[in-house]
Amino acid sequence: MGDALELNLLGSSPQFAHVRAQIRRIARFDVTVLIGGETGTGKELGARAVHYLSGRANRPFIPVNCGALAESLVESELFGHERGAFTDARQSAPGLISEAEGGTLFLDEVDTLSLKAQAALLRFLQDGTYRRVGGTQTRRTNVRLIAASNANLEQLVETRHFRRDLLYRLMVMPLVMPPLRERGRDVVELARVFLERLNQQYHGDTPRKCFHPDLLAGLERYTWPGNVRELEHFIQREYLLCDDEVLNAFLPCDRKLAQDAVVTQGGGFKQAKAKTIAEFERRFVQTMLDRAQGNISRAARMAGQDRSAFSKLVHKYHLANQAEREQDSTGP
Ligand SMILES: Nc1ncnc2c1ncn2[C@@H]1O[C@H](COP(=O)(O)OP(=O)(O)OP(=O)(O)O)[C@@H](O)[C@H]1O
Ligand SMILES: [Mg+2]
């Protein structure tokens, strides 16, 4: 089961292989883990891998989104409450920490906990004991804690929104999920797997789809602020919306092109626009040539341009060699 779960963590770049090795090692030791990383980098997936590769795999993995809990209820959700502890507490409840007994409690968005809840969590981390809200009995439980946050916790400590002592308690074993843009060829590897999943899911309803090389190149250029989640959604969207069997969307890579143009040209709008248009033209001509198998006349017709204007563009972007080479191999 452990290996199957680890296999969910796709990516064979050296950067990600390092993360996977860390996860395997961390899983063996029964310590608190703090997972950092931008949104969509796989923090929750990583937490699950740690749990299912650990000796606790047969016990529960309980995820808690701290940001989604009402502030007044956080403590009773986590630690449970006794009957009558507050107005709505008609019955006692054991709380999530108790539910996770023997297993792992995953505190997602841990930075959103109030200072009061942080204090209670710190007490629990220090000696493994807690009290239900409204209760007097000290309880003990055997739970491994994994916390995650995409906030800069050090900064929150500086602004006194997060307790320094809690941060140190959580950081026994830090694990950082790298952003997709720093994972080299992983973006292409993941894109292919996501597409293959869709091909299998919709097998029979729609013809198999594949990527145009231009799109793959674009995926590598783009910076993916939403990381793996953004990539997954992008592929899904293109798969479902594109009628063509060869996916060749211009976004999101061209959004990035526009940003790059601004950055590298020093921000001048005219220059940035010229660069973006030039890049668009190059890709457009390239795409038409590909579709016309290098035949300039046919490519020009497909582009709705006369041959001489299109031919100028072919030369402007140094695509003439390719056009000729492909024509040589495919005949007139
Ligand atoms: N290495 C990976 N291989 C395959 N899928 C991944 C990988 N990393 C993330 N995903 C997928 O991307 C999506 C986001 O992952 P996850 O929810 O773990 O991110 P997160 O870091 O917790 O994001 P957030 O900070 O927004 O909560 C999920 O659908 C997950 O399955
Ligand atoms: Mg998450």
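Here, each number is a calculation from the coordinates, and none is a lab measurement. Model, not experiment: these values are computed from the prediction. Because the Cβ atoms are built from the backbone with ideal geometry, glycine has one as well, and the counts that use them run over all protein chains shown.
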(request) Place the peptides 13-26, 192-205 in order of packing, highest mean first, counting for every residue the other Cβ atoms within 10 Å and averaging per peptide. (result) 13-26, 192-205
(message) Ignoring everything except DSSP H segments at least 4 long, calculate the 222 nm mean residue ellipticity for the chain; use -39,500 (n - 2.57) per segment, divide by total residues, nearest 500.
(response) -15500 deg cm²/dmol
(message) Just the number: Rg to Rh for the chain, Cα atoms, Kirkwood Rh, two decimals.
(response) 1.13
(request) Write down the radius of gyration of the stretch 92-197 and its Dmax, each obtained from C-alpha positions, in Å. (result) 17.9, 56
(message) Need the list of aspartates and glutamates near Lys43 for cross-linking: C-alpha distance under 12 angstrom, and skip anything on the same chain fewer than eight residues off.
(response) Asp108, Glu109
(request) Which order do the peptides 83-96, 55-68 take when ranked by the mean count of other beta-carbon atoms within 10 Å per residue, highest first? (result) 55-68, 83-96
(request) Calculate, in whole percent, how much of the Cα-Cα pair population of the stretch 2-178 lies beyond 28 Å. (result) 23
(message) Taking amide H atoms as placed 1.01 Å from N in the peptide plane, list the residues 5 or more away in sequence, or in a different chain, whose amide H sits under 5 Å from that of Val133.
(response) Gly80, His81, Glu82
